[in-house]
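Q: Have a look at this one before I ask anything.
The values are calculated or read from the model by the stated rules, or taken from the named source; none is laboratory data. Values in this document were obtained by computation on a predicted structure and should not be read as measured data. Reconstructed Cβ throughout: ideal geometry from the backbone, glycine too, with neighbour counts over all protein chains shown. The accessibility values were calculated without ligands, DNA or RNA, using every heavy atom of the protein model including side chains. Shrake-Rupley method; radii C 1.70, N 1.55, O 1.52, S 1.80 Å.
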Amino acid sequence: MNAKTVPTEGALTSAEVRAKHKQYLFPATANYYQEPVVLAEGKGLRVRDLDGREYLDFFGGILTVSVGHGNERVNGAIKAQVDRLVHVSTLYPTVPVVTLAEKLASLAPGQLEKCYFTASGTEADETAVMMAQVHTGRTEIVALRHGYSGRSMLAQSLTGQASWRAVPSQVAAVKHAMAPYCYRCPLGLTYPSCGVRCARDIEELIRTTTQGRIAGFLAEPIQGVGGVITPPQEYFQIAVEIVRKHGGLFLCDEVQTGLCRTGTWWGCEQYDVEPDILTVAKGIANGLPLSATLCTAAIADSLKSLTISTFGGNPVSAAAANATLAVMEEQDLKENAARQGQRLREGLERIQRKHPRTIGEVRGKGLMQGVELVKDETASDRTPQPQATNALLEESRKRGLLIGKGGLYGNVLRIAPPLVVTAAEVDEALGALDESFTAIEAGGS
Ligand SMILES: Cc1ncc(COP(=O)(O)O)c(C=O)c1O
């Protein structure tokens, strides 16, 4: 046997980590930045790389580190649970799991009172679709173009972006409706004179491409990976009414928008609609793998087959989630997300006014904001600028700020700090972004 010596984390440099990543991980495991940042530690909104450089984290592990890195309350709960009991599977009830389920039922919108725990957003969305199909006895699902649901075969089929689809869509029962992407209206119309035609077209979609009765409509209140596409105010009321008229359930994917992110507990509250099934993941356990599918008792009762999720509702993740939700409530992070979100938004709009050519649109709600980069908005040339977006990420990294990007064309900055962000941190990030726009417009610095 060839025994290999694997050095401990502390013995590696950033360059060595990057080299090993390149050698041993799938090349498709894409990292941000030409020279990926090897993060080693974090506290609050500050993270540090292996070389000791500090950054302000305005993407929070893709909107997942909801109450800040190294949150003492959450970490304390995790450590205590690790010492007590790490894993039992869904075959045994545990205190952390039932506590969490009860809490989620109390926070959930409308009549949602039962939940099923899994370990990722993908699995939660899979469960939501399965429950809609089981409950209605039908299979067809309407999803949205530009949506993102994850990386399983079904989730890739639900996803409405070619770039995230490794193999052809395998689940013919998914039909994609037009996205409520006003900045690039698929119908070439302008809101509000459009009468929200994209939502009304769902009726035509159901009548022409399905059997006329569907299992459900799965949508994110704001399409995150799609580039923070933020529907007009009436969109969901119109869409969901049509869906229900055709026998479908509303499956609300709150994987990104849930748990205070948009300034309300749930993204659907912003649109005054109540889902029949809701999925939540990312920010629920401050970074530990956990997701949940919530539904009404009647829908939950429909599932009669055996079902198991080995890691679903792991007690450590559930303990982390209980502590995370307690921090959200005690520190009123819903209110903080609304307040700091507004400050962030106003600052981004100021930056847009300073850089009117490059910035086509600023959109989003609360602490989920997107900035779309185009060729020349002043000349109505909305050609997407993915290279400028990458350059902007590099420039902001140089200035100690980490942000995300997304959109079908890779030209949307995604700005979504942990919910505990302060006004000073928002201002610091805005300062770095402003300088970064100046730098890319001057051809880099
Ligand atoms: C809205 C939405 N749904 C589902 C998923 C899939 O979640 P996961 O990557 O945890 O499987 C994501 C991930 O980004 C997401 O943004």
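Q: Going Cα to Cα from residue 22, which lysines come in below 24 Å? Please leave out same-chain ones fewer than 8 positions away.
A: Cα-Cα hits under 24 Å: 4, 398, 405.
Q: Select from 382, 46, 184 the residue whose mean-square fluctuation is largest in a Gaussian network model of the chain (Cα-Cα springs shorter than 10 Å).
A: In the Gaussian network model the winner is 184.
Q: Same structure again: Please work out the Cα center distance from region 347-424 to region 17-73, rounded to the nearest Å.
A: 20
Q: Ok, one more. Just for the chain, what percent of DSSP beta bridges are antiparallel, to the closest 5?
A: On the way: 33 of 48 bridges.
Counting only bridges with both partners in the chain, antiparallel ones make up about 70 percent.
Q: Would you calculate a helix-derived [θ] at 222 nm for the chain, using -39,500 (n - 2.57) for each DSSP H run of n ≥ 4 and dividing by the full residue count, to the nearest 500? Write down the numbers at each step before the final one.
A: Values: 13 runs with 162 residues, N = 445.
When only DSSP H runs of four or more count, the value is -11500 deg cm²/dmol.
Q: Quick check: from the Cα gyration tensor, does region 380-445 come out rounded (a/c under 1.5), prolate or oblate?
A: The shape class here is oblate.
Q: Using a 7 Å offset from Cα along Cα-Cβ at residue 342, what residues in region 402-436 end up with backbone N under 20 Å from the label point?
A: Within reach of a label on residue 342, which here means backbone N under 20 Å from a point 7 Å along Cα→Cβ, region 402-436 contributes 416-430.
Q: OK, next. Peptides 110-119, 92-101: what's the order by average Cβ count within 10 Å, highest mean first?
A: Descending mean neighbour count gives 110-119, 92-101.
Q: With a 1.4 Å probe and all protein chains left in place, how much accessible area per residue does region 113-221 have, in Å²? Working shown, then result.
A: On the way: 4800 Å² over 109 residues.
Solvent-accessible surface per residue comes out at 44 Å².
Q: Still on this structure: For region 73-330, calculate the relative contact order in percent as a whole number, restricting contacts to Cα pairs under 8 Å that are 6 or more residues apart.
A: Computed over region 73-330, the figure is 31 percent.
Q: For a label point 7 Å from the Cα of residue 381 along Cα→C-beta, name the residues of region 397-411 whose backbone N is under 20 Å from it.
A: 409-411, by backbone N distance to the label point.
Q: Report for region 73-330 the percent antiparallel among DSSP-assigned beta bridges with both residues inside it, nearest 5.
A: That works out to approximately 45 percent antiparallel.
Q: Sort 303-310, 192-199 by the packing proxy (mean of other Cβ within 10 Å over each peptide's residues), most packed first. Each step should come with its number before you reach the end.
A: Working: 303-310: 10.0, 192-199: 16.5.
Those peptides, ordered most packed to least, come out 192-199, 303-310.
Q: In addition: For residue 193 and residue 213, what does the FRET efficiency come to when R0 = 35 Å and r is the distance between their Cβ atoms, rounded to the nearest 0.05? List each step's numbers first, then the result.
A: Details: r = 32 Å, r/R0 = 0.92.
Computed FRET efficiency for residue 193 and residue 213: 0.60.
Q: Using the alpha-carbon centroid of each, what span in Å lies between region 107-155 and region 81-99?
A: Taking the Cα centre of region 81-99 as reference, the centre of region 107-155 is 24 Å away.
Q: Beyond a 23 Å Cα-Cα separation, which of these cross-linked pairs lie in this structure: 103/282; 175/304; 43/334; 79/114; 79/282? It would help to have the intermediate numbers written out before the result.
A: On the way: 103/282 17 Å; 175/304 27 Å; 43/334 21 Å; 79/114 28 Å; 79/282 20 Å.
Too far apart for the 23 Å limit: 175/304; 79/114.
Q: Same structure, new question: Just the number, please: carbon plus sulfur as a percent of the accessible area of region 73-330, 1.4 Å probe, no ligands or DNA/RNA counted.
A: Reported share for carbon and sulfur atoms: 54 percent.
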